[in-house]
Amino acid sequence: MAIELAARDFVLDQEAMGRTWGLREAERYTRWLATGHYENFHVVSFLLPKHLHQDFYNVYSYCRWADDLGDEIGDPQESLRLLRWWSGELERMYEGGEATHPVFVALRGTAKKYGIPKQPFADLITAFIQDQTVTRYENWAGVLGYCVNSANPVGRLVLYLCGYCDSERQRLSDATCTGLQLANFWQDVTVDQLKDRVYLPMDLLARHNYTVDELFAHKLDERFRGVMKEAVEYARGFFLTGLPLVGMVNRRLSLDLDLFSRGGLLILDKIERRGYDVLSARPKVSKGERVRLLISALVRNAFAKAA
């Protein structure tokens, strides 16, 4: 939370925003944000070639800032205003204007070096704007439409950084990222309720004769288990569709993809094993399970290399 608050305070600090940021100073900022955040970004950096680290930090910092402006401000109208400002900074970067924020000072060279188009960056902002105005989804089409902007751009950005821009790899990456987003939704059903967000489709609840009011009351019964079983199987299908991508990229990236995919599948398995009860406790992957996932990924990678 400290990082998010620092980010929020920084955007409101007009004196800081008015200063000129040199490239090295801006890169130190994105490195600090990426390696100091509560997420396990250092694991990803460890697995990736060292020459890619700074570029990953730059892209990650953009995504982190956009996410925090959408989720950590606490006022939807203020979030919308700040997201519009962030979108303007993105436009300025791609139009060749002078960057006023350290993330864009650092990101400009990365985007140019790898030929990254504006769209995946812009799509993320679209998703975070949507979060301020849409809290219910009628069907799977609506949920997937959200994933197109909230999750899939991240995978495409990673592919660009690793030198891949073909449509087939992007298609498989989209499937994996959608699976990860759905697994996170099912893991965080009660967390999202605190923001009045429900990502389980309304028609899915209706098919099982279960209501949103019962969901917010944490009513666990066979109807809810039926909802979650269908949702888990739906998400699992995206992971299985995307898994072939692991064998279509360089070995360092394949380790990351394998870890993320298997980690997402493990979350779904844990939800299933606990009888689809995501209301009484949040299912999560332990440190020991993370180590086992890494060892398994390394073994699979070694066998693939030997073959």
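Numbers below:
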{"item": "Residues Arg84, Arg24 arranged by fewest to most Cβ contacts within 10 Å", "result": "Arg24, Arg84"}
{"item": "At q = 0.14, 0.21 Å⁻¹, base-10 log of I(q)/I(0) for the stretch 144-238 (Debye sum, equal scatterers on each alpha carbon)", "result": "-0.57, -1.01"}
{"item": "Cβ-Cβ FRET estimate between Glu168 and Arg292, R0 fixed at 41 Å, reported to 0.05", "result": "0.85"}
{"item": "Choice from Gly247, Gly88, Gly155 showing the highest fluctuation, given a GNM over the chain with Cα pairs closer than 10 Å", "result": "Gly88"}
{"item": "Ranked Asp196, Asp71, criterion: other C-beta atoms within 10 Å, fewest first", "result": "Asp196, Asp71"}
{"item": "Per-residue [θ]222 nm for the chain (sum of -39500 (n - 2.57) over DSSP H runs n ≥ 4, rounded to 500)", "result": "-23000 deg cm²/dmol"}
{"item": "Cα-Cα P(r), the stretch 135-307, percent of pairs per 5 Å interval", "result": "1, 8, 17, 19, 19, 14, 10, 7, 3, 1, 0"}
{"item": "Long-range amide H partners of Val249 with built H, under 5 Å", "result": "none"}
{"item": "Karplus 3J(HN,Hα) series, Hz, for the stretch 254-264 with 6.51 cos²θ - 1.76 cosθ + 1.60 (x for Gly, Pro)", "result": "4, 4, 4, 4, 4, 4, 5, 5, 5, x, x"}
{"item": "Extension gain from Val212 to Ala141, taking 0.36 nm per residue of separation minus the Cα-Cα distance", "result": "23.7 nm"}
{"item": "Efficiency of FRET from Cβ geometry, Val134 and Glu272, R₀ 25 Å, rounded to 0.05", "result": "0.30"}
{"item": "Ranked Cys162, Cys177, criterion: other C-beta atoms within 10 Å, fewest first", "result": "Cys162, Cys177"}
{"item": "Loop-resident sites, the stretch 219-281, for trypsin sites (Lys or Arg not before Pro), counting at most 14 other Cβ within 10 Å (DSSP)", "result": "Lys219, Arg274"}
{"item": "Alpha-carbon centroid distance for the pair the stretch 53-78 / the stretch 107-123, whole angstrom", "result": "15 Å"}
{"item": "Environment charge at Val198 (Cβ cut-off 9 Å; Lys +1, Arg +1, Asp -1, Glu -1)", "result": "0"}
{"item": "Which listed pairs, of Lys195/Lys284; Lys229/Lys287; Lys118/Lys284, have C-alpha distances above 23 Å, in listed order", "result": "Lys229/Lys287; Lys118/Lys284"}
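Every read-out reported here was derived from the displayed coordinates using simple, explicitly stated rules and does not represent laboratory data. In this text, all values refer to a predicted model and were calculated from it rather than measured experimentally. Cβ sites come from the backbone with ideal geometry, for glycine too, and all protein chains shown count toward neighbours.
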